[in-house]
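Read through the structure below, which is laid out as structure tokens, and then see the notes.
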Amino acid sequence: MGQLAIKVRELNFHWPSGETAIRSCSLEIPRGEFWMLLGINGSGKSTLLRLLAGLLAPHSGEIGILHPVGFVFQNPDHQLVMPSVGADVAFGLVEEKLSPATIKKRVEEALSAVNLLSLQRRPIYALSGGQKQRVAIAGALARHCSVLLLDEPTALLDPDSQVELVSSVRSLVKSRGIAALWVTHRLDELNYCDGAFLLEKGALVDQGDPQRLKKRLMNLEGNKS
Ligand code: ADP
């Protein structure tokens, strides 16, 4: 796939009810780039992300995506399964048949990358929302993910944690050469991305300059009622 981390062609998906959720979507994201996915509620953002992650199967079209893929949900409590930070990050590696020394190294590297190494033994319940999201990201990094898909990861965060998370994902994308697609409603986050896609009723209607798309989304939001 050359330098592309995600290449999607003519993707279509409909629900069992017959409702079309994604129509003729084509998009590309190169390695080392941080893109955002915008659209009003119900435009199909989560559905598109789940299709890219392989959590839903398209009815037609092609999805080329580098693996492993890391997925970060809006609510980290739906994602973190182990009692402590280090154990949770290691959990994603259980199927990889790695030596204990390699697992330890991968977990420590991933936690350092999200600035949580000092909290390795901390119980998950004692973390803030932003720290939990960084544990979820560390889980993906420990698996050496090539692509990070994030579904409104800051929706439950306060403004300080929001800025910390979006800027740390940007630096991870750049330092590790991974690609990220981040769904957001919070328009100030667009300052951190390389480009954005705009979904309207399941179709990608625009892509490119985040500031131009921001204006277009604000018009859509203003007109929706
Ligand atoms: P967004 O993430 O942009 O808010 P979604 O991808 O969640 O949009 O939803 C797109 C459309 O698909 C909406 O019309 C929504 O009602 C519908 N939808 C979402 N999840 C399901 C589901 N599990 N079954 C049927 N319809 C769904």
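The values are calculated or read from the model by the stated rules, or taken from the named source; none is laboratory data. Computed from a predicted model, the values in this text were never measured in an experiment. A quick note on method: Cβ atoms are made from the backbone with ideal geometry, for glycine too, and the neighbour counts reach across all protein chains shown. Calculation scope for accessible area: heavy atoms of the full protein, side chains included, ligands and nucleic acids excluded. Shrake-Rupley method; radii C 1.70, N 1.55, O 1.52, S 1.80 Å.
Details
- Sparse-neighbourhood loop sites, GluC sites (Glu not before Pro) in the stretch 10-85 - DSSP loop, at most 10 other Cβ within 10 angstrom: Glu19
- Alpha-carbon centroid distance for the pair the stretch 1-30 / the stretch 137-185, whole angstrom: 21
- Solvent-accessible area assigned to carbon and sulfur over the chain amounts to 50 percent, based on a 1.4 Å probe.
- Accessible surface, per residue, of the chain when the full set of protein chains is kept, probe 1.4 Å, Å²: 47
- Cα long-axis angle, helix 129-142 against the chain (0 to 90 degrees, to the nearest 10): 80
- Working note: Karplus 6.51/-1.76/1.60 with θ = phi - 60° gives the stretch 97-113 the couplings 6, 9, 6, x, 5, 5, 4, 4, 5, 4, 5, 5, 4, 5, 5, 4, 4 Hz, where Gly and Pro are set to x.
- Acute angle (nearest 10 degrees) that the helix 159-176 long axis makes with the longest principal axis of the chain, alpha-carbon atoms: 80
- Taking trypsin sites (Lys or Arg not before Pro) across the stretch 34-128, the ones in a DSSP loop with at most 11 further Cβ atoms lying within 10 angstrom of their Cβ are Lys97, Arg121.
- Once you divide the Cα radius of gyration of the stretch 154-193 by 2.2 N^0.38 Å, the number left is 1.12.
- Quarter of the Cα convex hull surface for the chain, i.e. its orientation-mean projected area (nm²): 12.9
- Antiparallel content of DSSP bridges confined to the chain, in %, to 5: 50
- Other-chain or far-sequence residues with amide H under 5 Å of Ser26's (modelled H): Glu10, Leu11, Leu204
- Helical mean residue ellipticity (222 nm; -39500 (n - 2.57) per DSSP H run of 4+; nearest 500) of the chain: -10500 deg cm²/dmol
- The angle between the Cα long axis of helix 210-223 and the main principal axis of the chain comes to about 60°, on a 0 to 90 degree scale.
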